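Here the structure is laid out as structure tokens; the discussion comes afterwards.
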Amino acid sequence: MTAPDSPPFLQMQTPFAQVDLAQLMRGLGHSGWLDMRFHARGTDWIELAMPWNDAIMGSAADATCAAGPIIGLLDNAAGIAAWQRRGLIAPQVTVDLRIDHLRSATPGRTIIARGECHAIAGALAYVRGFAHDGAPDDPVAHLAGSFMLLDGAAA
Amino acid sequence: MSGGVTLPPYAASLGIVFAYTQNGLPVIACDPAEHILGRPGFWHGGVIGGLLEAAALAAAASVPGGEGKMLRAANLTIQFTRGGGMERVFAAGSIERAGRRLLNLRAEAWQQDRSRPIATATMNVLLLDR
């Protein structure tokens, strides 16, 4: 299944190893609007970064202000982690997400979100992650969730 | 803000607006635009999440006696039930329980039919003294 309007780097069935991670979200919809970008990766995790934006997030240190963009960042990190685990870009949709807001994000700091896909059971990918603004041991938010793999069981 | 609804900066930046009042609670809405897109032709899950949070918080603000308290979002759990296509999304919250220190809130997002939501959420909000 291909998405006809996808830029080349988001073509379905592209092997993950061939994806240009630096270009993955550039200028693309909500992710591009928040300037989300690839940050780092490990064997079984991926990190995305989102620079602070006063105009969008507001300058007040309030837990209700920056929470919204963090949801999207964690959703993306988790979804890309599922592709990474499967080894390819494949159609999937978020089924559910739980976000624990541990503390307010610090205005002005770039937010880093780590996503992991820790299990795939049939057509469901189980994900988890967390977001921080400079200190991974003092996170801003935790995530747990699941994605439905639309092309069926895990490759 | 119209309808007496105060929206967080992020919600305002997204273009979320007060739409109307139903059952005494505010209904907010967001129109499709380039910046709300996830996979092509669909809303990004993070935008739907932000919309649900804003709706829940708008309902929370209507709790009597809440003026002296600060709201602090503790957690949000979202179920994405249907894909959201390129038309307006509405969202509204409701108060499941208003305790002394904690609010248990619900929210739902829909497009054509409120009885067929595209996403639902539960949210817990801490009440802190100012």
Members of the range A:85-133 found to be of a type in the set (S, T, N, Q) and open to solvent by 30 Å² or more (accessible area, probe 1.4 Å), listed by number: A:104, A:106, A:110
Check on residue B:107, of a type in the set (A, V, I, L, M), buried (at least 16 other Cβ atoms within 10 Å of the Cβ) and out of contact with any Ser or Thr (no Cβ under 9 Å at 6 or more places or on another chain): no
Regarding residue B:108, is this residue away from chain A (no Cβ under 11 Å), charged (D, E, K, R), in a strand (DSSP E or B) and closer than 24 Å to residue A:31 by Cα? yes
Taking residue B:31 as meeting all but one of (1) modelled with pLDDT of 95 or more; (2) touching a strand residue (DSSP E or B) at 6+ places or on another chain (Cβ under 6 Å); (3) farther than 24 Å from residue A:95 by Cβ, write down the number of the exception. (2)
Does the range A:17-27 contain any residue that is within 14 Å of chain B (Cβ to nearest Cβ), at pLDDT 85 or above and open to solvent by 20 Å² or more (accessible area, probe 1.4 Å)? no
Test for residue B:101: is it open to solvent by 40 Å² or more (accessible area, probe 1.4 Å) and within 19 Å of residue B:21 (Cα to Cα): no
Residues A:50, A:148: which one is in contact with a Leu (Cβ under 8 Å, 6 or more places away or on another chain), open to solvent by 50 Å² or more (accessible area, probe 1.4 Å), under 30 Å from residue A:14 (Cα atoms) and of a type in the set (A, V, I, L, M, F, W, C)? A:148
Between residues in the range B:115-126 that are at pLDDT below 95 and residues that are among the small types (Gly, Ala, Ser), which pairs lie under 7 Å by C-beta distance while being six or more apart or on different chains? B:125/B:60; B:125/B:73; B:125/B:74; B:126/B:74
With respect to residue B:96, is the statement that it is surrounded by fewer than 16 Cβ atoms within 10 Å (Cβ to Cβ) and either modelled with pLDDT of 95 or more or in a strand (DSSP E or B) (or both) true? yes
Pairs please, first residue from the range B:43-56 and at the interface with chain A (Cβ under 8 Å from one of its Cβ atoms), second anywhere and in a strand (DSSP E or B) and open to solvent by 10 Å² or more (accessible area, probe 1.4 Å), Cβ atoms under 6 Å, 6+ apart in sequence or on different chains. B:45/A:94
Mind checking whether some residue in the range B:45-53 is open to solvent by 50 Å² or more (accessible area, probe 1.4 Å) and among the acidic types (Asp, Glu)? no
Can you work out which of the residues in the range A:29-45 that are free of Cβ contacts under 8 Å to residues at least 40 places away in the same chain and either within 14 Å of another protein chain (Cβ to nearest Cβ) or among the hydroxyl-bearing types (Ser, Thr, Tyr) (or both) is surrounded by the fewest Cβ atoms within 10 Å (Cβ to Cβ)? A:43
Identify, by number, the condition in (1) crowded, with 18+ Cβ neighbours inside 10 Å; (2) not in a strand (DSSP E or B) that residue B:6 doesn't meet. (1)
Here the residues within the range B:28-42 that are open to solvent by 10 Å² or more (accessible area, probe 1.4 Å) and touching a residue at least 12 places away in the same chain (Cβ under 8 Å) are B:31, B:32, B:33, B:35, B:41, B:42
Which numbered condition trips up residue B:97, out of (1) touching a Gly at 6+ places or on another chain (Cβ under 8 Å); (2) free of Cβ contacts under 8 Å to residues at least 12 places away in the same chain? (1)
So, in the range B:57-101, of the ones that are of a type in the set (A, V, I, L, M, F, W, C) and more than 30 Å from residue A:147 (Cα to Cα), which residue ends up nearest to the chain's Cα centre (by Cα)? B:61
Restricting attention to the range B:70-88, the residues that are in contact with a strand residue (DSSP E or B) (Cβ under 6 Å, 6 or more places away or on another chain), of a type outside the set (S, T, N, Q) and within 13 Å of chain A (Cβ to nearest Cβ) number exactly 9
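The values are calculated or read from the model by the stated rules, or taken from the named source; none is laboratory data. The model shown is predicted, which means the values in this text are computed figures rather than measured ones. FYI the Cβ positions are ideal-geometry reconstructions off the backbone, even for glycines, and counts take in every protein chain you see. Side chains included, ligands, DNA and RNA excluded: accessible areas come from the protein's heavy atoms. Shrake-Rupley method; radii C 1.70, N 1.55, O 1.52, S 1.80 Å.
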